[in-house]
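The values are calculated or read from the model by the stated rules, or taken from the named source; none is laboratory data. These numbers were taken from a predicted model, which means no experiment stands behind them. All Cβ positions, even for glycine, are placed from backbone atoms using ideal geometry, and neighbour counts span all protein chains on display.
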Amino acid sequence: MIQSTIAARHRPQKSTIGGHFTETLATWALTIRVALERHRQRRALAELDDRLLDDIGITRSRALIEANRPLWSVGKP
């Protein structure tokens, strides 16, 4: 009896087409939101003056390289 209860808990759930679509849509929405936020931050970095860039240890050229990266680019260039 206990074994059948444990087995039932670990049985994979059947996914529905609608559920899968909703999950996929949510994943895409999150991906877009993160990409847009990354773009906003890169634009803000490009607008910082040299004194502020120096405070955070980034050169103007490095800030511009980061700001001009494509929207989908993550990690080190």
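Answer with yes or no whether R11 is assigned to a helix (DSSP H, G or I) and either within 27 Å of L64 (Cα to Cα) or modelled with pLDDT under 90 (or both). If you could, list the steps in order and put the result at the bottom.
Details: assigned to a helix (DSSP H, G or I): no; either within 27 Å of L64 (Cα to Cα) or modelled with pLDDT under 90 (or both): yes.
No; evaluated as a whole, the condition is false for this residue.
Is it true that R42 is of a type in the set (K, R) and assigned to a loop (DSSP other than H, G, I, E, B)? Working first, answer last.
Working: of a type in the set (K, R): yes; assigned to a loop (DSSP other than H, G, I, E, B): no.
Taking the combined requirement at face value, the residue does not satisfy it.
Take the residues in the stretch 23-46 that are among the charged types (D, E, K, R) and under 15 Å from I65 (Cβ atoms); name whichever of them is surrounded by the most Cβ atoms within 10 Å (Cβ to Cβ). Lay out the reasoning, then the answer.
Taking the stretch 23-46 first, the residues among the charged types (D, E, K, R) are 23, 33, 37-38, 40, 42-43.
Then drop every residue that is not under 15 Å from I65 (Cβ atoms), which leaves 38, 42-43.
On the way: R38: 15, R42: 19, R43: 10.
My answer is R42.
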